[in-house]
Structures are given as C-alpha cells and as structure tokens.
Amino acid sequence: MNATAKKPVKRMGLLIDYEYCTGCHSCEIACKQEHNYPVGRGGLKLTEFLTERPDKSLRIDYLPFPTMYCNLCKSRTNDGESPSCVKHCQASCIHYGSVKKLAELMESRPHAALFTPI
Amino acid sequence: MGEMGERVVRMGAWSAGPGCHGGCGVKVTIKDGKLTKCEGDEDHPYLQGRLCPRALALTQYIYHPDRLQYPMKRVGARGEGKWARISWDEALDTCEDKMRTIRDKYGPESMVFGQGTGRDAGGYIIFLAYAYGSPNWTLFGLSGISCFTPRLAAMSMVMGDFTFPDAAQFSPQRYDDPEWKAPEVLVSWARNLAGSGCTDHYFSGHWAVDMMKRGTKLIVIDPVCSWEASRAELWLQIRPGTDGALALAMLNVIINENLYDKEFVTKWTHGFEELKQRVQEYTPEKAAAITWVPAEKIVKAARMYATAKPAGMRFGQPLDSNREATSTIHALNCLWAITGNIDIPGGNVITRPPFGVTIYPYSTQEVIDLYGEEFVANLTKKRIGADRFPLVKNFRAWALSDMVLEQMETQKPYPIKGLWCQTNNFLANTAQDPKRHYEAVRKLEFNVVVDTFMTPTAQAIADIILPAGSFPEKDSVFTTGVPINAIQKVIQVGECRSDWEINFELAKRLNPQAVPWANVRELMTLRLKATGLTFEQLAEQSWTMAPKNHKSGTVPYRRHEKGQLRPDGQPGFRTNTGKVELYCTNYEKYGLDPLPYHREPIESPLSTPEIWEKYPLIMITGRRNSAFFHSEHRQIPWLRELSPFPEMEMHPETAAPLGIKDGDMVWIEGVRGKVKRRARLTPTMHRQMIHALHGWWLPETDGTSPNFYGVWDLNVNQLIPMGEQSTSGFGGAATKTMLCKVYKVKDEEATV
C-alpha cells in the first residue's frame with residue numbers, strides 16, 4: 001500500500017429493529033421535513049405486513065423502507081448528529097452506524113433488517 | 001446554533017400545531033423571523049428528542065395558505081361564507097359590546113363558553129367565562145363530557161386522586177432512576193397506546209414500548225387487533241361498551257382465588273366485603289356472554305395481572321364512553337387498589353399537577369384554588385346540569401353538554417343567547433347529533449369562533465372569527481403532566497394572537513377587576529409561584545420538575561403512607577374515609593350505586609335485539625390516528641398523504657357477502673341516519689364490528705351552506721344521540737357502540 005491510498009470509507013447503514021416499530025410515521029415526516037420532500041416523495045416509506053400465525057392470530061409488522069431518496073442525512077451526520085428518522089423514531093427502533101457495528105447489534109435482535117441505502 | 005442569523009429555541013409543544021394534550025419538548029429553529037424547523041429536544045425528559053408526525057409537520061401547519069390570519073366578521077347570512085376582514089380593535093369592540101348586551105339583558109349565564117380538547121384550552125376559557133360571570137364553561141357537544149372528566153371524577157371520588165402507570169415520568173433520570181421498576185405486566189385497556197400517535201399528556205403511548213424493551217409484558221383489551229394487541233402476551237377482543245362486566249369478572253377471580261394484596265386491602269381500603277359480595281354476580285362465564293371474551297381468557301388475565309408485582313394499568317377514552325362510565329372506571333380502580341398497585345414504583349402512581357401549579361384546572365379543588373370557594377359556589381347555582389347531577393355539581397365545574405344543548409333549544413329555565421366557541425369544531429367532530437347542535441346554535445344571537453383554520457363550524461355559525469396562534473406563536477405553560485413546560489412566542493403569523501392573549505384582553509374589557517395583571521406573562525408568573533421561577537426564567541430553561549418528596553405531594557411514591565395526600569397531613573387518601581373507597585361513600589351521597597356494576601349500551605345485541613337484527617354491526621368511532629388530532633390536520637399535505645380518504649374499516653369476510661371490495665364507497669346506516677365512507681378491508685377488524693375514524697371533513701371542498709366541507713356526508717356522529725349520558729351525568733357518549741349496517745352506494749351517489 002502506498003502512502004497516497006485512501007483510507008477505506010466505512011459503509012454506513014440503518015438497522016430497523018422491527019420487533020418494536022409501531023407504524024407511527026414519525027420517521028417518514030422527520031425525513032420530509034429534513035429534506036423538504038414534497039407529497040409523493042420521501043426517504044422512507046412505511047410498509048405494513050399482516051401475517052396469520054399458525055394459531056390464526058395476527059402478527060402485525062411495520063417496516064420503514066429506505067428509498068433512493070435516503071442519503072442517510074449526510075449533512076446531519078457530518079455535524080455529528082443522528083439522521084432525523086433515527087432521532088425522532090418514537091419507538092427508538094432505527095439505528096444508524098457502520099454496517100459492521102449494526103451487524104453486531106443485529107445479533108441480539110429477534111427481528112431486524114439492515115439497510116444500506118447509499 | 002446553526003447557520004448565521006438562525007437561532008434555536010427550546011420549549012414545550014402543545015397544540016395548536018401537533019394538536020394533542022402536550023408533554024414533549026421541542027427545539028424550533030427561527031430564521032429571519034420565520035420558523036424553519038421543529039425537532040425533538042433530546043434534553044427533555046418526556047420523549048428524549050422523539051417526536052410525533054404532527055409536530056414534525058409543524059412548518060406546513062404554521063405557514064399553510066389557509067391559516068386564518070386576521071379577524072373577520074360575517075357580512076352575509078350565517079353559512080353563506082361571506083366574510084370581511086376587520087381590525088382587532090373592531091373585533092374585540094364587537095365582542096365586548098355584544099357580550100355586554102347579553103349580560104345586561106339576560107345575565108352572564110346566558111353566554112356559553114365551549115371548548116374542544118387539546119391546546120391549553122381549559123385554562124383560558126374558564127378564565128374568560130368567570131371574568132364575564134358565566135358558570136357555563138363546557139366541552140361543547142360531547143355527550144356526558146365523555147373524555148377524561150368521567151375518569152377524573154370517578155377516580156377522585158374513589159381514591160381522592162387519579163393515577164397513571166409509572167414510567168418513571170416523575171424523575172429526570174427516567175428509566176435509569178434506581179427507585180423505578182419496570183412493571184411485570186402493563187394492561188393497555190381500550191387505549192391503543194403506541195397507535196394513538198402520542199396525543200397524550202400524563203402518559204405517552206410509546207413509553208409502553210420503552211417498558212416492553214425492559215421486560216414488561218402486555219395485556220391488551222381492544223376490540224381491534226392493534227399493533228400492540230399483536231405483540232401482547234394476552235389479547236382480549238372485547239365487545240365495545242362491556243368493559244365494566246370484564247373488570248367485575250376479573251375482580252371476581254382475583255377475590256375468590258385470594259390473589260389480592262391482603263395487607264393493602266386491610267390497611268388502605270374501605271368496603272371490601274361489600275365489593276366481594278357484588279362481584280359474585282359477575283362470574284367469568286356470565287361476563288364471557290356479555291363481553292364476547294372467552295371465560296378462560298378472563299380468568300387468565302385476572303391471574304396474570306394480580307400475580308404480577310408491580311403491574312400497571314392504562315385505560316382510554318372508550319371507558320368514558322361506557323354507558324355507566326363512572327361506575328366502569330370505579331371497577332378498574334378497584335383492580336389496581338386490591339392488588340396493591342397504588343403509588344408504588346412500576347404500579348399506578350397518583351398524578352397531580354407538578355408543584356401544585358394549575359393553569360388548566362382538572363379538579364374542583366383546583367378551580368376553587370384559582371377563583372375562591374364563595375365565587376365558585378355562587379356560580380354553581382346557575383351552572384347548567386349542576387342541579388340535576390350531584391356529581392356534575394361537585395366535580396370540576398363543567399356545565400353538562402347534553403343539558404346545555406337542551407337549554408339552547410328550550411331556552412329554559414333561563415335563556416341562552418350566545419356561544420363563545422374556541423378550539424371546538426363541533427359540526428365535524430366534538431358533538432353527537434351535530435345537526436341538532438347546528439340548529440340550536442344558529443338560532444343564538446351572537447357566536448364567536450376562535451380557531452387556526454376555517455372549519456365547518458366557523459362557516460356555519462360564527463358572527464366573528466378570531467385567528468389563534470399555533471404553539472410557537474404564544475406564551476403559555478403546560479402543567480397537566482410532568483414536567484412543567486414553558487411555551488413561548490417566537491414568531492408572528494399575520495395578525496394571529498394566542499388564545500390566552502385574546503381571552504386575557506377581552507376578560508379585562510369585560511371585568512377589569514378580575515384581571516389585575518398587565519399581561520399574560522405576569523399572570524403565568526403568579527401561577528408559577530410554587531416553582532420559584534418566573535415565566536421568563538422557566539422559558540429560559542424550558543422545563544422544570546418537582547424534586548422527590550416535594551412538599552406539594554406531587555411526586556411519588558407511597559404518599560398515602562407519608563401523609564402527603566390529605567390536606568390534614570395525616571396518612572391515607574383524600575377521601576371521606578381516608579381510604580380507597582371500593583364502596584364509594586360520595587357516590588352513595590349523590591344517589592349513585594356505591595359499588596361498580598355493568599349496564600348495556602343504549603343499542604346492543606343484548607339490549608336491543610330487534611335493532612341488532614336489522615343493523616348487525618357495531619360501529620366504533622373515535623379511534624386515534626397518528627396523522628390527525630381529531631378534526632385537525634386534514635389540510636396539511638404531509639399528514640393528509642398518510643391518510644388521504646375518509647374510510648370505514650371492515651373485515652374482508654364481513655365485506656365479501658355484501659359485495660364490498662376494498663376502495664368501494666359505502667353507506668354506514670344506523671337508526672338515526674347514514675353517512676358515506678370509503679371501505680378499507682382489513683383482518684384487524686372483528687367480523688361483527690366496523691371502525692370509522694371521527695373528525696372527517698374535506699377542507700378542499702365547498703365550505704358554505706349546505707355542504708360545509710362535506711360534513712353531512714361524512715360525520716358519523718350523526719348516528720349517535722345526545723341526552724343518553726351516564727346516570728352520574730359524566731360519560732356515556734355512545735361513540736363505540738351504535739349499531740349499523742353497511743352497503744354499497746349506487747354509482748350516481750359515489751362522490752367524496
């Protein structure tokens with residue numbers, strides 16, 4: 001390796017601990033406010049899954065999906081702040097960090113999804 | 001601090017803006033006199049920076065082109081939609097003049113002061129009403145004042161105070177406070193904690209999620225399969241309006257199986273033997289037939305709740321809507337009392353205004369503390385409903401909504417001539433039987449509406465419209481929850497004024513002696529005295545919290561043991577017997593049943609089988625939605641996008657034989673009328689129930705008579721009567737229990 005080679009940039013992502021996502025929509029609106037996105041566009045899109053368990057009861061899961069408009073709140077994270085959705089999530093179930101760290105965190109979560117939108 | 005010319009101010013958020021009952025803290029960014037951002041305040045103990053969608057959409061609310069921005073007077077007929085801009089001087093001159101005329105001619109009681117909910121409403125409306133001299137402060141339109149007050153009344157009578165589950169909200173350290181314990185079990189009873197989108201003050205819904213992460217198991221009692229029902233250890237899918245029967249059967253199990261806290265019962269309760277006898281009538285099997293919850297689940301829930309220590313219980317507005325609300329809530333109160341879960345870490349903690357500071361009175365004592373016993377006693381003589389309902393007379397000083405309406409119609413025993421309507425959109429939202437309200441109010445001589453947007457109500461009945469400010473446009477203080485928050489004016493929008501400012505100035509004109517302060521801030525400073533802070537100092541630090549063992553008795557735990565609850569300083573509770581009254585002596589004194597019981601809803605499969613045969617579905621309305629606060633926010637683009645259509649939710653298996661597909665327009669028809677909605681099919685619904693969100697109107701449509709933004713097509717309250725309030729007076733709006741049928745609309749009717 002020569003002295004001019006760039007230090008590898010850590011891949012950053014969002015971990016959604018969807019065991020606890022209540023579907024409150026705070027992440028979606030936090031994102032819209034941060035980026036001033038109009039109706040019809042957003043960095044996160046909340047999705048709902050209704051699954052029938054073997055005993056016929058329902059399991060409801062919500063999962064915010066980071067779209068192509070998510071830039072992981074670059075301007076905020078550059079200033080040492082967390083992405084707006086992470087900060088405002090009422091269930092505190094969105095985590096931001098390096099993929100490596102998030103994957104470690106994921107080990108202990110019963111239901112989680114790791115996203116790398118950029 | 002952010003960019004040049006920007007400043008960030010911390011404050012409490014309290015409607016208008018998010019709507020809601022307040023509690024959280026925000027940081028707003030101001031640039032060139034405009035609010036450019038609203039974020040959560042991470043240094044605020046209520047939500048640690050988390051925030052609801054409505055507060056996050058605040059910029060769209062504040063700068064919406066349809067905001068009311070200056071006072072207006074009506075220049076056409078009522079409902080014609082012809083308005084002329086006027087100055088504040090002219091607006092207040094007119095209000096003063098008309099209200100003086102009514103007072104001189106008929107007496108001050110002839111003017112009704114109606115509020116809705118949310119905002120800091122009660123504080124400034126009672127302030128104006130009392131300065132004017134009218135006892136008739138009411139939650140206008142809502143039958144039985146069926147929101148919160150029935151709870152407060154019942155718990156105040158039974159144990160002298162009201163409780164909320166302990167989520168360490170009284171400690172700035174919150175969950176890290178070493179004294180706090182996570183409840184082993186939290187009962188979410190008719191509440192939909194997290195799904196309500198945080199509209200709360202004393203207990204924020206997502207605190208339940210915080211507790212789940214710390215090991216708390218949920219028992220959820222809800223006719224609808226909510227997110228938390230799907231995550232619960234035990235979910236009881238109850239038939240709406242039968243909560244009392246369920247609570248009594250749970251008491252039956254807990255008492256008969258000796259699962260109660262004997263030491264607490266012996267030492268701190270009154271009337272256990274009488275309660276024991278009463279609950280024998282409510283076996284799990286009998287309750288199962290009433291509630292539609294299988295008996296084994298009732299038994300399991302009772303055992304699970306009683307053997308957990310600590311256990312918390314949070315219940316919601318549907319209990320206030322029970323046919324006998326104050327009796328049902330009495331039964332719930334017995335549950336946390338006999339299991340010894342009062343004022344212990346992780347149990348149900350007694351909740352009083354921090355430091356004893358009142359801005360918005362929640363009890364009789366607080367009203368008396370603010371206005372004096374003699375003055376209040378004199379007003380009570382003419383307060384509507386006080387002569388007929390002793391509980392209404394003796395608790396909190398509301399005029400009873402059902403009787404206010406009746407008196408507007410009959411003009412007896414004395415005439416009603418005007419309505420001051422502030423934070424209330426009764427035509428679209430608050431009132432049951434809204435047409436009856438419309439007909440009654442449009443005949444009055446003088447009506448004022450104070451609001452942030454034009455509403456169906458303002459269009460239909462107002463003579464003068466006054467534009468109110470959102471929360472960053474006003475100075476106010478939040479005390480109905482912990483901590484105390486300052487709200488401060490940091491921006492000006494058009495000529496909007498804060499509700500407090502409007503009422504303060506008008507009160508001063510109408511009765512200068514009653515308003516000796518120079519401005520609202522001076523009044524707030526006076527009321528904040530017990531905190532040791534002026535309004536400015538509180539605003540500077542944004543919030544404050546009373547320390548543990550504060551002499552005001554407003555901080556847990558075990559205050560009944562320490563003598564911190566009673567005015568005489570003795571151990572015990574603030575009741576006649578000093579104990580938690582399972583047998584309620586005040587109810588007895590007021591001619592009410594001193595023991596809890598269940599009574600069927602006005603329409604139900606059991607009480608009106610002949611109606612059930614023709615209308616085989618139970619209509620639930622009033623469930624919360626995180627995008628909207630009641631009838632607010634329908635015009636806010638980011639929020640409306642979350643919930644664009646006025647819907648009716650139904651189980652797909654119920655819809656199939658009716659030929660109803662997802663997205664079809666349908667009629668919901670009851671005995672009293674029908675409304676049009678768009679069907680959304682979801683297996684979260686019970687097969688014999690539907691849900692229709694309340695508060696719908698379409699700000700994008702014609703606001704003039706007779707359309708009024710589509711309210712008559714959409715407002716499900718047209719299926720619900722007034723005048724069927726609980727025996728005590730408080731409670732009973734049948735918002736969860738009316739029977740209906742649903743069928744497709746014909747193509748030519750399919751607008752909306």
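The values are calculated or read from the model by the stated rules, or taken from the named source; none is laboratory data. Since the structure is predicted, the reported quantities are computational estimates derived from the model, not experimental observations. So basically every Cβ, Gly included, is an ideal-geometry build from the backbone, and we count neighbours across all protein chains shown. Ligands, DNA and RNA are excluded from the accessible area calculation, which covers all protein heavy atoms including side chains. Shrake-Rupley method; radii C 1.70, N 1.55, O 1.52, S 1.80 Å.
General remarks:
- Within the stretch A:16-118, helices (runs of 4 or more DSSP H) holding 2 or more residues that are under 24 Å from B:S204 (Cβ atoms) and among the small types (G, A, S): A:26-35
- Residues satisfying the stated conditions in the stretch B:593-645, i.e. away from every other protein chain (no Cβ under 14 Å), among the aliphatic types (A, V, I, L, M) and under 24 Å from the mean Cα position of the chain (by Cα): B:I602, B:I618, B:M619, B:I620
- Filter pass, B:D320 being of a type in the set (D, E, K, R) and surrounded by 24 or more Cβ atoms within 10 Å (Cβ to Cβ): yes
- Those residues of the stretch B:725-736 which are open to solvent by 10 Å² or more (accessible area, probe 1.4 Å) and either under 19 Å from the mean Cα position of the chain (by Cα) or farther than 27 Å from B:L319 by Cβ (or both), in sequence order: B:Q725, B:T735, B:K736
- So B:P183, is it more than 16 Å from the chain's Cα centre (by Cα) and more than 26 Å from B:F375 (Cβ to Cβ): yes
- When residues in the stretch B:457-487 are screened for being open to solvent by 10 Å² or more (accessible area, probe 1.4 Å) and either polar (S, T, N, Q) or closer than 30 Å to B:V75 by Cβ (or both), 2 of them pass.
- Verdict on B:M157 being closer than 30 Å to B:P571 by Cβ and away from chain A (no Cβ under 14 Å): yes
- Odd one out for B:A377 among (1) open to solvent by 10 Å² or more (accessible area, probe 1.4 Å); (2) not assigned by TED's automatic domain parsing to the domain that holds B:A121: (2)
- Inside the stretch B:592-635, residues that are aliphatic (A, V, I, L, M), open to solvent by less than 10 Å² (accessible area, probe 1.4 Å) and out of contact with any strand residue (DSSP E or B) (no Cβ under 9 Å at 6 or more places or on another chain) make up a count of 1.
- Any chance A:L114 is more than 9 Å from chain B (Cβ to nearest Cβ) and either under 25 Å from B:P18 (Cβ atoms) or not basic (K, R) (or both): yes
Every residue, every condition in (1) facing chain B (nearest Cβ under 9 Å); (2) not aliphatic (A, V, I, L, M), yes or no:
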| site | (1), (2) |
| --- | --- |
| A:E19 | yes, yes |
| A:H25 | yes, yes |
| A:K45 | no, yes |
| A:F49 | no, yes |
| A:S57 | yes, yes |
| A:I60 | yes, no |
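- Selected residue (criterion: least open to solvent (accessible area, probe 1.4 Å)) from residues of the stretch B:567-591 that are in contact (Cβ under 8 Å) with a residue 40 or more places away in the chain and charged (D, E, K, R): B:E581
- Taking first residues from the stretch B:659-685 that are more than 14 Å from every other protein chain (Cβ to nearest Cβ) and partners that are surrounded by fewer than 16 Cβ atoms within 10 Å (Cβ to Cβ) and assigned to a strand (DSSP E or B), the Cβ contacts under 7 Å between residues at least 6 apart in sequence or on separate chains come to B:V666/B:Y743; B:W667/B:Y743.
- Search result, residues across the stretch B:377-412 that are over 27 Å from B:R436 (Cβ atoms) and in contact with a Ser or Thr (Cβ under 8 Å, 6 or more places away or on another chain): B:N394
- Count of the stretch B:220-234 residues which are surrounded by fewer than 24 Cβ atoms within 10 Å (Cβ to Cβ) and either more than 13 Å from chain A (Cβ to nearest Cβ) or more than 22 Å from the chain's Cα centre (by Cα) (or both): 6
- Filtered residue count, the stretch B:398-424, keeping only those that are in contact (Cβ under 8 Å) with a residue 40 or more places away in the chain, open to solvent by 10 Å² or more (accessible area, probe 1.4 Å) and assigned to a loop (DSSP other than H, G, I, E, B): 4
- For the stretch A:36-55, a residue qualifies if it is under 22 Å from B:G195 (Cα atoms) and surrounded by fewer than 17 Cβ atoms within 10 Å (Cβ to Cβ), and the qualifying residues are A:K45, A:T47, A:E48, A:F49, A:L50, A:T51, A:E52, A:R53.
- Of all residues assigned to the stretch B:163-177, none qualifies as being among the β-branched types (V, I, T) and within 13 Å of another protein chain (Cβ to nearest Cβ).
- Tally, over the stretch B:178-204, of residues that are within 14 Å of another protein chain (Cβ to nearest Cβ), within 13 Å of B:F315 (Cβ to Cβ) and assigned to a loop (DSSP other than H, G, I, E, B): 5
- Taken over the stretch B:82-100, the criterion of being farther than 12 Å from B:E495 by Cβ, open to solvent by 80 Å² or more (accessible area, probe 1.4 Å) and in contact (Cβ under 8 Å) with a residue 12 or more places away in the chain is satisfied by B:K98, B:R100.
- For the stretch B:1-14, taking the residues that are crowded, with 24+ Cβ neighbours inside 10 Å and small (G, A, S), the one that is nearest to the chain's Cα centre (by Cα) is identified as B:A13.
- Qualifying positions in the stretch A:74-86 - in contact with a Phe, Trp or Tyr (Cβ under 9 Å, 6 or more places away or on another chain) and either under 21 Å from A:T47 (Cα atoms) or within 11 Å of chain B (Cβ to nearest Cβ) (or both): A:S82, A:P83, A:C85, A:V86
- The set of residues in the stretch B:21-52 that are closer than 18 Å to B:T452 by Cβ and either within 12 Å of another protein chain (Cβ to nearest Cβ) or open to solvent by 10 Å² or more (accessible area, probe 1.4 Å) (or both) comprises B:H21, B:V26, B:V28, B:K34, B:L35, B:C38, B:C52.
- Index of the failed condition, B:T117 passing every other in (1) within 17 Å of B:P472 (Cα to Cα); (2) surrounded by fewer than 24 Cβ atoms within 10 Å (Cβ to Cβ); (3) within 24 Å of the chain's Cα centre (by Cα): (1)
- Yes/no for B:G215 being open to solvent by 10 Å² or more (accessible area, probe 1.4 Å), within 14 Å of chain A (Cβ to nearest Cβ) and either among the aliphatic types (A, V, I, L, M) or in a helix (DSSP H, G or I) (or both): no
- Test set (1) outside any helix (DSSP H, G or I); (2) within 25 Å of B:A458 (Cβ to Cβ); (3) of a type in the set (S, T, N, Q) - B:N717 fails condition number: (1)
- Condition check for B:R678: in contact with a strand residue (DSSP E or B) (Cβ under 9 Å, 6 or more places away or on another chain), part of a loop (DSSP other than H, G, I, E, B) and under 22 Å from B:P456 (Cβ atoms): no
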